[in-house]
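Reviewing the structure listed below.
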Amino acid sequence: QVQLVESGGGLVQPGGSLRLSCAASGSTFIYYDFAWYRQAPGKQRELVAAITAGGRTNYADFVKGRFTISRDNSKHTGNLQMNSLQPDDTAVYYCNIQKQLIGNYWGQGTQVTVSS
């Protein structure tokens, strides 16, 4: 069982930046693909960005050029640098790790609110 703990959410003005972090328990993080999802009120959870165990990244069109996903396997952490935030980015952000036939784990979520 792997536990994920997110941090770094909060309130930011439009155009501002936030950095989300996700810390994984244990030492198996390196073997998992890592991703950030978000869920706004009344909407389905959607993929924001992903990075494979091998370091290949993938971004949703609505964050390309603004968000950057990264991982530090030595610290068992994953991050999401969010720049040029807009009100539509307001949501609860969840980190996720998954590896086929091994496991699929979620963090508890961290609120990001973009408002003036």
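The values are calculated or read from the model by the stated rules, or taken from the named source; none is laboratory data. These numbers were taken from a predicted model, which means no experiment stands behind them. Positions of Cβ are generated from backbone atoms using ideal geometry, with glycine treated the same way; all protein chains shown enter the neighbour counts. Calculation scope for accessible area: heavy atoms of the full protein, side chains included, ligands and nucleic acids excluded. Shrake-Rupley method; radii C 1.70, N 1.55, O 1.52, S 1.80 Å.
Looking at this structure, is Asp33 open to solvent by less than 40 Å² (accessible area, probe 1.4 Å) and of a type in the set (Asp, Glu)? It would help to see each step written out before you state the result.
Values: open to solvent by less than 40 Å² (accessible area, probe 1.4 Å): no; of a type in the set (Asp, Glu): yes.
Criteria not met by Asp33.
Determine, yes or no, whether Gln98 is loosely packed, with under 14 Cβ neighbours inside 10 Å and touching a residue at least 12 places away in the same chain (Cβ under 8 Å).
Values: loosely packed, with under 14 Cβ neighbours inside 10 Å: no; touching a residue at least 12 places away in the same chain (Cβ under 8 Å): yes.
It is false that Gln98 is loosely packed, with under 14 Cβ neighbours inside 10 Å and touching a residue at least 12 places away in the same chain (Cβ under 8 Å).
Take the conditions surrounded by 13 or more Cβ atoms within 10 Å (Cβ to Cβ) and among the acidic types (Asp, Glu) and apply them to Asp88. Does it pass? Steps first, answer last, please.
Working: surrounded by 13 or more Cβ atoms within 10 Å (Cβ to Cβ): no; among the acidic types (Asp, Glu): yes.
Taking the combined requirement at face value, the residue does not satisfy it.
Pick from Thr52, Thr28: which is among the hydroxyl-bearing types (Ser, Thr, Tyr), more than 18 Å from Gly109 (Cα to Cα) and open to solvent by 40 Å² or more (accessible area, probe 1.4 Å)?
Thr28
Considering segment 63-72 alone, what residues qualify as being open to solvent by 40 Å² or more (accessible area, probe 1.4 Å) and at pLDDT below 95?
Across segment 63-72, the qualifying residues are Lys64, Gly65.
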